[in-house]
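Input: a single structure, listed below in structure tokens.
The values are calculated or read from the model by the stated rules, or taken from the named source; none is laboratory data. Everything numeric here is computed off the predicted structure, so don't read it as measured data. Reconstructed Cβ throughout: ideal geometry from the backbone, glycine too, with neighbour counts over all protein chains shown. Ligands, DNA and RNA are stripped out before the accessible areas are found, and what is left, the full protein with its side chains, is counted by its heavy atoms. Shrake-Rupley method; radii C 1.70, N 1.55, O 1.52, S 1.80 Å.
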Amino acid sequence: MLTPAGRILAFRLLVLVAGLLPAFWLAWQWWHGELGVVPEEAVVHITGRTGLILLLTTIAFSPAFRLTGWVGIMIARRQIGLWAFAWLLAHLLAWMGLEQYWDWPWIWHDMRDLPYVRYGVAALLLLVPLALTSFRRAQQAMGHTAWHWLHRLVYVAAALGVTHVWILTRADYRLPSLAAAALAALVLFRLLDAAIHRR
């Protein structure tokens with residue numbers, strides 16, 4: 001029987017596995033040539049999907065804590081959020097390196113002319129201050145209210161990420177539809193929870 005501290009440690013290890021396992025799987029697939037005809041494109045898509053799923057999971061941790069009251073969820077929230085940021089940063093770097101070959105004029109051209117690229121880059125840029133201020137000292141330095149308002153940008157970043165995926169999708173809309181529905185449900189829960197607490 002695990003102690004409360006043991007359960008929290010086990011949950012944090014589970015979050016660690018969730019962040020690392022896709023990387024091992026992707027490396028294995030790449031090494032064995034199982035990523036399809038254009039493996040570079042597969043890497044870009046897999047890193048992006050993984051990052052978006054982890055980002056939505058990060059947002060879902062707050063409602064999960066509200067419903068369960070288990071402190072382990074909030075302790076691991078920063079960890080899963082940083083994993084989401086890492087995967088989305090890897091997504092951008094994979095796109096620039098594997099698809100654009102670090103051709104900066106062409107990269108700037110796509111950022112300027114392609115809406116889905118602008119949405120994706122904007123989402124990642126919004127996550128940068130959240131990642132930099134995700135530590136306890138930053139929260140103490142900013143004050144809880146300012147820190148709390150800043151970290152609400154995660155909802156905007158997630159909406160931009162879902163829009164990015166939706167525009168890119170050509171046939172199978174299951175992932176963007178599920179992501180959009182999940183984000184809408186999370187936003188609705190947040191609004192209802194805030195209204196209840198104001199009362």
Report summary line: Screening Gly48, Gly19, Gly97, Gly81 for residues that are over 16 Å from the mean Cα position of the chain (by Cα) and not β-branched (Val, Ile, Thr) leaves only Gly97
Report summary line: Residue set Val128, Val165, Val156, Val187; condition open to solvent by less than 40 Å² (accessible area, probe 1.4 Å), assigned to a helix (DSSP H, G or I) and either under 19 Å from Leu55 (Cα atoms) or polar (S, T, N, Q) (or both); output residue Val165
Query raised in the report: Can you tell which of Gly143, Gly120 is out of contact with any strand residue (DSSP E or B) (no Cβ under 6 Å at 6 or more places or on another chain) and closer than 14 Å to Gly51 by Cβ?
Result: Gly120
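Taking the condition surrounded by 15 or more Cβ atoms within 10 Å (Cβ to Cβ), of a type in the set (Ser, Thr, Tyr), out of contact with any Leu (no Cβ under 9 Å at 6 or more places or on another chain) and part of a helix (DSSP H, G or I), does Thr145 pass?
Against the criterion (surrounded by 15 or more Cβ atoms within 10 Å (Cβ to Cβ), of a type in the set (Ser, Thr, Tyr), out of contact with any Leu (no Cβ under 9 Å at 6 or more places or on another chain) and part of a helix (DSSP H, G or I)), Thr145 does not qualify.
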Query raised in the report: Which residue, of Ala180, Ala171, is surrounded by fewer than 17 Cβ atoms within 10 Å (Cβ to Cβ) and without any contact (Cβ under 8 Å) to a residue 24 or more places away in the chain?
Result: Ala171
